[in-house]
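Each reported figure results from applying straightforward, stated rules to the coordinates on display, with no laboratory input. Keep in mind the model is a prediction, meaning the values are calculated, not measured. Ideal geometry is used to build each Cβ from the backbone, glycine not excepted, and the neighbour counts take in all protein chains shown.
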């Protein structure tokens with residue numbers, strides 16, 4: 001059995017058949033009995049505008065990647081989550097559903113990474129930039145990266161080793177005495193204005209109205225929210241702008257998700273009973 005992995009693009013809610021399928025697996029299949037009929041997946045993704053051919057291809061590719069195991073029942077196919085997929089989806093669900101748009105507690109410590117990579121080593125430069133950004137680090141330029149999450153030091157060490165630059169890197173945990181405005185530093189390291197605009201779009205998209213198709217809307221809600229834990233560095237509240245839409249967006253997500261969950265799961269169960 002292939003060990004499942006997930007790309008950064010799909011983990012952050014890529015607008016594709018495969019990305020939507022992963023949302024369905026985490027939101028509905030994992031929370032249910034761990035299985036889904038092909039017909040149910042075709043119906044649901046069809047409501048989301050995905051053609052049947054694309055959905056079937058997504059199922060096959062997701063199975064080949066080690067996420068799903070097909071079980072033939074006559075001429076029909078029921079898909080079962082693999083054990084390793086359950087673990088990955090459980091970890092992903094914890095990250096997605098617990099994300100609140102800011103760090104609740106902060107002791108004032110920063111994790112700093114300094115690494116100089118020769119311009120000719122494009123692979124290492126790309127890997128370090130992509131993986132540290134993915135982990136929520138901000139770039140201060142000239143090889144410096146910062147995060148207000150010292151607990152992510154083991155993740156940094158893994159990234160540096162994989163890039164082959166760990167012997168030329170330095171990692172520090174430090175406090176900041178003041179001097180220049182800390183929010184100026186934060187504004188240099190992260191594009192908070194851009195992230196805030198995406199939060200505002202999320203709030204506008206999922207306004208307080210009852211959807212006509214609660215199952216499809218629930219999947220759209222979770223799929224849209226999935227990207228925020230990967231683009232928002234989860235800064236402490238004291239480092240955020242005074243008007244930060246992430247807090248309101250997190251409240252919208254929690255409210256809609258709780259309000260729509262029961263009905264959406266009943267509809268999903270009905271689709272699977274039809275087989």
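Above 19 angstrom, tally the Cα pairs of the stretch 57-111 and express them as a % of all pairs, no decimals. Walk me through the numbers before you get to the answer.
Working: 783 of 1485 pairs.
The answer is 53 percent, as a whole percent.
What is the calculated FRET efficiency for residue 266 to residue 39, with r their C-beta to C-beta distance and R₀ = 25 Å, to the nearest 0.05?
On the way: r = 17 Å, r/R0 = 0.69.
The formula returns an efficiency of 0.90 here.
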Considering all alpha-carbon pairs of the chain, what whole percent are spaced by more than 36 angstrom?
24 percent
Scoring the stretch 109-175 by relative contact order with C-alpha pairs under 8 Å, at least six apart, yields a percentage of 54 percent
Note down the nm distance, to one decimal, between modelled labels 7 Å out along Cα→Cβ at residue 107 and at residue 162.
2.7 nm
Just grab the label-to-label distance for residue 120 and residue 210, each label 7 Å out from Cα along the Cβ direction, in nm (one decimal).
6.8 nm
Taking the stretch 23-112 and dividing mean pair separation by its residue count, relative contact order in percent (alpha carbons under 8 Å, at least six apart)
30 percent
To the nearest 10 degrees, how steeply does helix 153-163 sit against the main Cα axis of the chain, on a 0 to 90 scale?
90 degrees
Please give the helix 192-205 orientation as an angle from the longest Cα principal axis of the chain, in degrees from 0 to 90, rounded to the nearest 10.
20 degrees
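What's the extension gain from residue 144 to residue 16 if we count 0.36 nm per residue and subtract their Cα-Cα distance? Write down the numbers at each step before the final one.
Values: separation 128, 0.36 × 128 = 46.08 nm, distance 3.43 nm.
That pair, residue 144 and residue 16, stretches by 42.6 nm at full extension.
Let me have the relative contact order for the chain, percent, based on Cα pairs under 8 Å that are six or more residues apart.
25 percent
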Rounded to 10°, Cα long-axis angle of helix 214-225 versus longest principal axis of the chain:
20 degrees
Would you order 266, 22, 140 from fewest to most other beta-carbon atoms within 10 Å of each residue's own beta-carbon?
266, 140, 22
Starting from the Cα-Cα distance between residue 231 and residue 83, subtract it from 0.36 nm times their residue separation and give me the gain in nm to one decimal.
50.5 nm
